[in-house]
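The values are calculated or read from the model by the stated rules, or taken from the named source; none is laboratory data. Fair warning: this is a prediction, and the values are worked out from it, not measured in the lab. Heads up, the Cβs are rebuilt from the backbone with ideal geometry, glycines too, and the neighbour counts pull from every protein chain shown. Note: areas computed on protein heavy atoms with side chains; ligands, DNA, RNA excluded. Shrake-Rupley method; radii C 1.70, N 1.55, O 1.52, S 1.80 Å.
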Amino acid sequence: MIIDLTNTTSSEIASALLKARRSAGSPAMGMVGTIVVVVDEASHHDAMKAANEAGREHPSRVLVAILRPGRGAAGLDAEVRVGEGIPGEAVLLRLHGELARVPESVITPLLLPDSPVIVWWPGGGPKVPAEDPLGRLARRRVTDAASGRRATVDFTARAEGYAPGDTDFAWTRLTPWRALMAAALDQYPTKVLAAEVVSAKGNPSADLMAAWLQCRLGVPVEHKNSRGPGITAVRMFTASGPIALTRPDGSVATFTIPGAPDRPVALKRRTPSELLSEELRRLDPDDVYAKTLACMVEREKMPASAKTVSDADRRSTQAAVSRAAAKTAGVAGKAASAELEAHAGGKKASATKKAAVSRNAAAKKSTAKKPTASKASRSTSSRSTGARSTVARSATGSTATRSTAKKTAAKKTAVKKTAAKKTASKRVAGRS
């Protein structure tokens, strides 16, 4: 449901919201906070869309304030939207003339009671968000330095006027980068000698990343420019080689750790709705962001030599990379040699086997080619064999006869000897 109000007031807008909720069948307010978006006419559509998408995770009342200061009469036009794919409530406010100079007078009556207020400036925001009239109403103040032209000056001013609750999308974009670099040092704990951040020119996230690394590691961090998009590489130089996270296409990054294979990591550039959803998950003060802003101011005052990676660190890292590559190549060469030897041995055994098969085949062929004996020769050989067997049998018979005669003669001789012995013994007995 969309309700258009012209030359209206805050009370009429509140009544229209209540009427729209009742018409939609949800008189109760199930929202967790109020998101105030301060934007210009040209970009209000994208800002409202991003806020509504973030509201799917955090249902909220979205108040989009378009400020039109000028010499004309003060006026307020509103457009109330409830339902139709909107998770909470959305109100588009156009403030004209003198009313645009005091937007808090219109926004304050429309805030949800007893709930946090988040103010978002998609167009860059004021130099000191906590001193802005709308910023004083908010618990969380979100700016986007990437949309401003003088990002470094804005960050310096925000560092000096920082208040708990301030944050910036340039810092929010670094969340996955910081998580991966911290995880790399957890997996490969070593001493970092220097670091390097490579990004498109004028990228405020890269400036914050360099300040964060220099603040946390206490080493020189060099910022180099590339064609982008955004941050393209972050490297930490160590004695064993670089720990690097490289993203040349803005979508997929390559995660490199010494002594380990490269790994692809999904690291796409996030949309404003995703960044806003992350900020809505945490409404407490971001102390790390505050310390990084202070480090960024100190880094601006440092000499150029303190923000440059020395040639010695680069040479030591390159030498470590060369040694690792040579070692990998040596291991690969040994494996290849062993594979070649095994392949050659297999070929030799195969050749020997083929030669043996060839010899057997040749022997079979020669055996098959020998002429067979004729029937006559076979019969002649059988007759000669029979004759030889007859002669052999006759010879065997004669031999048996001679042996029998010998045995008989031996028996007779033995009988005679026995008889002679008996006679001799009788004679002796008679004499005695």
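Overview of results
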item	result
When residues of region 133-180 are limited to those that are within 34 Å of the chain's Cα centre (by Cα) and among the aliphatic types (A, V, I, L, M), the one modelled with the lowest pLDDT	Ala151
Test result for Glu12, of a type in the set (Asp, Glu) and within 40 Å of the chain's Cα centre (by Cα)	no
Filtered residue count, region 285-309, keeping only those that are assigned to a helix (DSSP H, G or I) and either open to solvent by less than 70 Å² (accessible area, probe 1.4 Å) or at pLDDT below 90 (or both)	17
Any hit, region 122-138, residues being in a strand (DSSP E or B), open to solvent by less than 20 Å² (accessible area, probe 1.4 Å), out of contact with any Cys (no Cβ under 8 Å at 6 or more places or on another chain) and within 15 Å of Leu280 (Cβ to Cβ)	no
Within region 86-109, considering residues that are touching a Ser or Thr at 6+ places or on another chain (Cβ under 6 Å) and open to solvent by less than 40 Å² (accessible area, probe 1.4 Å), the one nearest to Arg22 (Cα to Cα)	Gly88
Every pair of residues 6+ apart whose Cβ atoms lie under 7 Å, when the first sits in region 208-236 and is farther than 14 Å from Val297 by Cα while the second is open to solvent by 60 Å² or more (accessible area, probe 1.4 Å) and of a type outside the set (S, T, N, Q)	Asn225/Lys201; Pro229/Arg269; Gly230/Arg269; Thr232/Pro248
Pair list, Cβ < 8 Å and 6+ apart or interchain, from region 177-193 residues that are within 14 Å of Met209 (Cβ to Cβ) to residues that are exposed (fewer than 15 other Cβ atoms within 10 Å of the Cβ)	Leu180/Val265
Options Ala50, Ala14; residue that is outside any strand (DSSP E or B), over 22 Å from Glu279 (Cβ atoms) and touching a residue at least 24 places away in the same chain (Cβ under 8 Å)	Ala14
Single unsatisfied condition, Val38 versus (1) out of contact with any helix residue (DSSP H, G or I) (no Cβ under 8 Å at 6 or more places or on another chain); (2) more than 25 Å from Pro133 (Cβ to Cβ); (3) of a type in the set (A, V, I, L, M, F, W, C)	(2)
Of residues in region 155-166 being touching a helix residue (DSSP H, G or I) at 6+ places or on another chain (Cβ under 6 Å) and not in a helix (DSSP H, G or I), the one nearest to Thr308 (Cα to Cα)	Tyr162
Scope region 190-221; condition among the charged types (D, E, K, R) and surrounded by 21 or more Cβ atoms within 10 Å (Cβ to Cβ); matching residues	Glu196, Asp207
Single residue of region 171-226 satisfying the filter (in contact with a Leu (Cβ under 6 Å, 6 or more places away or on another chain) and assigned to a strand (DSSP E or B)) that is farthest from Ser240 (Cα to Cα)	Val221
Counted residues, region 41-59 - those being within 20 Å of Asp132 (Cβ to Cβ) and in contact with a Ser or Thr (Cβ under 8 Å, 6 or more places away or on another chain)	1
Count of residues meeting criterion [more than 25 Å from the chain's Cα centre (by Cα) and open to solvent by 60 Å² or more (accessible area, probe 1.4 Å)] in region 254-284	3
Identity of the residue in region 230-247, open to solvent by 40 Å² or more (accessible area, probe 1.4 Å) and at pLDDT below 90, that ends up nearest to Gln187 (Cα to Cα)	Ser240
Yes/no for Ser251 being touching a residue at least 60 places away in the same chain (Cβ under 8 Å) and small (Gly, Ala, Ser)	no
Region 79-121, residues that are touching a Leu at 6+ places or on another chain (Cβ under 9 Å) and part of a helix (DSSP H, G or I)	Leu99, Ala100, Arg101, Glu104, Ser105, Val106, Ile107, Thr108, Leu110
The one condition in (1) open to solvent by 10 Å² or more (accessible area, probe 1.4 Å); (2) of a type outside the set (Asp, Glu); (3) under 27 Å from Phe169 (Cα atoms) that Val37 fails to fulfil	(1)
Which listed residue, of Gly30, Gly83, is farther than 24 Å from Glu131 by Cα, in contact with a helix residue (DSSP H, G or I) (Cβ under 6 Å, 6 or more places away or on another chain) and not hydrophobic (A, V, I, L, M, F, W, C)	Gly83
